Amino acid sequence: MFTSVDDVAARLAETGYLASPAVATTVFLADRLGKPLLVEGPAGVGKTELAKAVAEVAGARLIRLQCYEGVDESRALYEWNHAKQLLRISAGRDETWDETRTDIFSEEFLLPRPLLTAIRGDDPKVLLIDETDKADVEVEGLLLEVLSDFQVTVPELGTVTATRRPFVVLTSNASRELSEALRRRCLFLHIGFPDEELERRIVRLKVPGLDEALARSVVRVVGALRAMDLRKLPSVAETIDWARTLLALGADTLDETVVRDSLGVLLKHQEDVLKATSKLDLDAL
């Protein structure tokens, strides 16, 4: 998909995703080496958006597996359409079981889920396995099978092997440790909070109506909040939301009243709001 690291950065920027050199380099290598990309970092720093941007750049279909506690093979890989199978069995009462069984376990009754969908067909795809750390450990075994050989075995139909491998992005908020076996199969990328200059550029890109001076002030205040011992630090997504909030309020500058009244956009816990209100010194920024 990409010819160089600079090509990655330039084409992602066209979609509105400003990639750091580390992000652009790792995306280029994942594409060139054909390896899955494991992206870790706090929530709201652009992990999921990276997969969406790559899909847009490549003109590829984005296939998303949203992980959660309890997700299993039937939700991740495939399952059979049991209701349709029962109707078929009822309609074929005069047939032998062997005739019926061959029919109901055919392609017509298969419900492919994200992992199977991603390795079937020749069209370009980006497979996003989002919040992998929220899935149960048992699901990692399923991911290992798919990501090592890009093939899936459906006992009734045989083995399905990818004719065109998808670009795979796994994201994790590091709420639990992923297995070393899964990590070995991936290139690793950590996306943390961006530096001040990059975050200012992101804010200006996402909120074009915000003037340069206010954008700088926004980024500095957010940086000061991140330096505090808060329960939940504000993410890039929340920086953008706050910039849009200030634009909606018609604020030209940041003063104590504006900041105090809109802190709920940046901070999501009352204890954090109280701590920020008492410690934040706008004059020192």
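The values are calculated or read from the model by the stated rules, or taken from the named source; none is laboratory data. It should be emphasised that the depicted structure is a prediction, and the values quoted were computed from it without experimental measurement. We place every Cβ from the backbone using ideal geometry, glycine too, and count neighbours over all the protein chains shown. The area values use the complete protein model at the heavy-atom level, side chains included, leaving out ligands, DNA and RNA. Shrake-Rupley method; radii C 1.70, N 1.55, O 1.52, S 1.80 Å.
This table checks each residue for (1) in contact with a Ser or Thr (Cβ under 6 Å, 6 or more places away or on another chain); (2) in contact (Cβ under 8 Å) with a residue 40 or more places away in the chain; (3) open to solvent by 20 Å² or more (accessible area, probe 1.4 Å).
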position	(1), (2), (3)
Leu116	no, yes, no
Asp123	no, yes, yes
Leu128	no, yes, no
Asp133	yes, yes, no
Val137	no, yes, yes
Pro155	no, no, yes
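Within the range 206-258, take every residue that is of a type in the set (S, T, N, Q) and open to solvent by less than 10 Å² (accessible area, probe 1.4 Å) and give me the one that is farthest from Phe193 (Cα to Cα). Among those that are of a type in the set (S, T, N, Q) and open to solvent by less than 10 Å² (accessible area, probe 1.4 Å), it is Thr239. Only one of these is under 25 Å from Leu116 (Cβ atoms), open to solvent by less than 30 Å² (accessible area, probe 1.4 Å) and of a type in the set (Gly, Ala, Ser): Ala24, Ala60. Name it. Of the residues listed, the single one that is under 25 Å from Leu116 (Cβ atoms), open to solvent by less than 30 Å² (accessible area, probe 1.4 Å) and of a type in the set (Gly, Ala, Ser) is Ala60. Scanning the range 227-244 for residues that are small (Gly, Ala, Ser), in a helix (DSSP H, G or I) and under 18 Å from the mean Cα position of the chain (by Cα) returns a single hit, Ala237. Taking the listed residues Leu280, Leu249, the one that is over 29 Å from Ala19 (Cα atoms), without any contact (Cβ under 8 Å) to a residue 40 or more places away in the chain and in contact with a helix residue (DSSP H, G or I) (Cβ under 8 Å, 6 or more places away or on another chain) is Leu249, with no other qualifying.
On the basis of being closer than 23 Å to Glu138 by Cα, of a type in the set (A, V, I, L, M, F, W, C) and either outside the structural domain of Arg11 (by the TED database) or out of contact with any His (no Cβ under 8 Å at 6 or more places or on another chain) (or both), does Leu38 make the cut? Yes; evaluated as a whole, the condition is true for this residue.
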